[in-house]
Structures are given as C-alpha cells and as structure tokens.
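Inspection log for the structure reproduced underneath, given as structure tokens.
None of the figures in this text is laboratory data; all of them are computed from the coordinates on show. All values reported here derive from a predicted model rather than from experimental measurement. Don't worry about glycine lacking a Cβ; one is built from the backbone with ideal geometry, like all the others, and counts go over all protein chains shown.
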Amino acid sequence: MKSILIIIPACNEEKNIRPVYDALKEVSAPFSGTYSFQILFVNDGSTDDTIGEIMKLATVDTAVRYIDFSRNFGKEVATTAGINASTADACIMIDADLQHPVGLIPEFIRRWESGFDVVIGVRNKNRSEGLIKKMGSKLFYHIINRIAEVHVVPNATDFRLIDKAVVNEFNRFTEKSRMTRALIDWLGFRRDFIHFDANERLFGTASYSFIRLFRLAIDSFISLSLMPLKLAGFLGIFITLFAGASGLYIFLGKYFFRSEFASTFSDSENLAILLLFLVGILLMSIGLLAIYVANIHKEVIGRPMYVVRRRNVE
Ligand code: UDP
Ligand code: MG
C-alpha cells in the first residue's frame, strides 16, 4: 500500500485545524484501502491554541502527526520541515485555512499515478486579494522570470503534490532563506498543473502582510538569480562608456578640431564628466568583485549540481 503524507503549515489557525482535518478525512476515506494517509501539522510558532487543537486530534487519531516549532519561522521553513520529515511515497502540501480545495486531492493523486512527479495547484483568482497584492505579485513574476534561472509559473501555489524522488532531492537544499515552491520548480521533474479557484479563508486573517511578501520576493530573487549582484557592474560599464565617450569628444573637440560646441563646456562640467568616468570604473570594479562573491555564494549555499529523476545505478 502506498503512503501519502499531507503537510499542513499552521500559524494561528486554532479554528481551522478541526475543519481542515475533517475535510481531509472525508476525501481520503474512499481511498483507505488503496493508500495510507498521514496528516502532518507543522505548528509555526502560533500564539493561539493551534497546538492544543492538533494534540487533541493526535490523541484520538494515530494518523495525525505534528512538528511544533519553538517560534515562528515562516511558512517556507514550516513546509520544508514537513517535507524533511516525510518518508511517504508522496507528500501533499496544503494550507490550513481551507483556501486550497481539499476535494482536488484525488485528482492530484490521479495525476501522480499517471506518471507526474510534481502536481502543482494553480490559482485562477483570489477574490479576497487587494489591488496592491495583486499588482505586486504580477510584478514579482515578471521580474523573476526575466532574471531567474528557472521559469516560475505565475499563480502556482504551494498546494502541490511531490513524489518521494522529489522529496529526496529537495532535502539536499541547504539555503536558509528560501521559497519552497521556487526550489521545487528549480528541481524540474515531470510536472503537471491543476487549476483551481481559491476559497475564502475559513477563520482568522492571512498572516502574510505586503512587507513580508516583499521580503519573500527579495529572498527569491537572491536565491534564484545573481542578477542583483551584477547590477552594479552593468551600471558601471554603461556609465564608463557614456562618460568616456563624452570626455573623449570634448577633449578632441577642444584641442584638435577646435569645435565650437566642445569648447562651450566649462571646467566644472569637464570635471563632472571625469568624475562620472571614475564612478563608472569604481562600479565596474564592484561588479568584478560581485562575480567572485557570486561564485562564493554558489559554493556556500551548496546547492546540488544536478538532479536525477531516476537511476538504475547507485
Ligand atoms: N503560515 C505559517 N507560518 C506563517 C504564516 C503562515 O505556517 O508564518 C501558514 C498558515 O497557517 C496557512 C498558510 O501558511 O496554513 C498560508 O498562510 P496565509 O493564509 O496567511 O497566507 P495566504 O493565504 O495569503 O497565502
Ligand atoms: Mg490563506
């Protein structure tokens, strides 16, 4: 019998624990002969009684497992802890607030059984999202898909199923600032997508503020791209070329071709161009340093060099 682990990160979700548990039990019941299900709650430093609700379930149902964090580490880390703990044939990650339709789980499993290693829930729309969050997320996907080494599918959520093979590879990531779904995307594997309409949150309020999402976006840019680091270098090249060409034009114009226009530049203007030229060189040097730092960064995060989907040699 294949085993499936359902991972639920939960922060201040005391009222949602029971409903999400009931909903999961209901969808998994018809499969009880085919799969063994376990539900793993990761309590991410809740300040309410989320852990109490989880423990209550755990005492009556041995399929309920939990990891209780010492404090809040964020959803990305909570999900990671769940994946790290998995020994199942597949994991399914789902939010505690029932925004992800639990009823789709059989479809996730069907796609997995048909040969996909990663099945990703893609959100059609989110009615409860404000304009700023919406525009922010649009901008985020636009930038990240320009500069990152992987394609990040817009509106792809954390509601996803991953095969054991993906779990094993995922466990090799060592970066501390991470965006779990982007790392899963980075891994590749055979992926399929399921579109869904997000529900309204059952109880409580979303804990991701705009600032927190912004920080997560910066973390993903840095984790998936070296572009920000190299920006100074590119700026330097641009400024040096511009200032160099202007300087040369003025110098040659003034002293060799006696051009009217070149002579109209005052001393301080010439000085400004000279300074600009030097700033350009400085920025280029920083860019050069950045290339070294980038290489050190790559080594330090120790990301796996490649990822194997299947192999028949050890
Ligand atoms: N969550 C978490 N740690 C946090 C914030 C959120 O584990 O620091 C969980 C939360 O309990 C929920 C999921 O992550 O199960 C999604 O969070 P939320 O609903 O606040 O975000 P959104 O719906 O805006 O994605
Ligand atoms: Mg939510």
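The helix-only estimate of mean residue ellipticity at 222 nm for the chain, built from DSSP H runs of length n ≥ 4 each weighted as -39500 (n - 2.57), is -16500 deg cm²/dmol after division by the residue total.
Just so you know, the Cα atoms of region 52-194 work out to an Rg and Dmax of 16.0, 50 Å.
Return the tail of the calculated pair distribution for region 170-314, meaning the percent of Cα-Cα pairs more than 27 Å apart. Walk me through the numbers before you get to the answer.
On the way: 5679 of 10440 pairs.
I get 54 percent for the Cα pairs in region 170-314 exceeding 27 Å.
The radius of gyration of the Cα set in region 127-251, together with its Dmax, comes out at 19.7, 71 angstrom. From the square roots a ≥ b ≥ c of the eigenvalues of the alpha-carbon gyration tensor of region 1-94, which class results: rounded (a/c under 1.5), prolate (a/b over b/c), or oblate? Since a/c reaches 1.5 but b/c is at least a/b, the shape of region 1-94 is classed as oblate.
Which helices, taking whole DSSP H runs in the chain, have alpha carbons extending 20 angstrom or more along the helix axis plus mean Kyte-Doolittle at least 1.0?
On the way: long enough: 14-28 (22 Å, -0.77); 131-147 (24 Å, 0.29); 210-224 (21 Å, 1.40); 227-255 (41 Å, 1.36); 267-301 (50 Å, 1.59).
Helices meeting the span and hydropathy rule in the chain are 210-224, 227-255, 267-301.
Using the charge dipole of the chain (Lys, Arg: +1 at Cβ; Asp, Glu: -1 at Cβ; taken about the Cα centre), state which of Phe265, Met93, Ser225 has its Cα farthest towards the positive end. Of the listed residues, the answer is Phe265.
How big is D for region 1-54, in µm² s⁻¹ as a whole number, if Stokes-Einstein is applied with the Kirkwood radius of its Cα pairs at 20 °C and 1.002 mPa s? Working shown, then result.
Values: Rh = 11.8 Å.
The Stokes-Einstein estimate is 181 µm²/s.
The alpha-carbon atoms of region 41-97 define a convex hull whose volume equals 90 cubic angstrom per residue. Beyond 32 Å in Cα-Cα separation lie the following of the pairs Lys138/Lys230; Lys133/Lys176; Lys56/Lys138; Lys75/Lys164; Lys125/Lys230; Lys25/Lys125: Lys56/Lys138; Lys125/Lys230. Overall, region 185-254 carries a charge dipole of about 320 debye about its Cα centre when +1 sits on the Cβ of Lys and Arg and -1 on the Cβ of Asp and Glu, all other atoms neutral. Exposure here means at most 15 other Cβ atoms within 10 Å; with chymotrypsin sites (Phe, Trp or Tyr not before Pro) in a DSSP loop as sites, the longest stretch of the chain lacking them is 1-202. For the Cα trace of the chain, dividing Rg by the Kirkwood Rh returns an Rg/Rh value of 1.16.
Each of Ser114, Phe31, Phe242 was placed along the dipole of the chain (beta-carbon charges, centred on the mean Cα), and the one lying farthest toward the positive end is Phe242. Here region 253-282 and region 159-202 have alpha carbon centers that stand 55 Å from each other. When +1 charges are put on Lys and Arg Cβ atoms and -1 charges on Asp and Glu Cβ atoms, the dipole computed for the chain relative to its Cα centre reaches about 620 debye. Note: region 198-275, Cα convex hull, 175 Å³ per residue.
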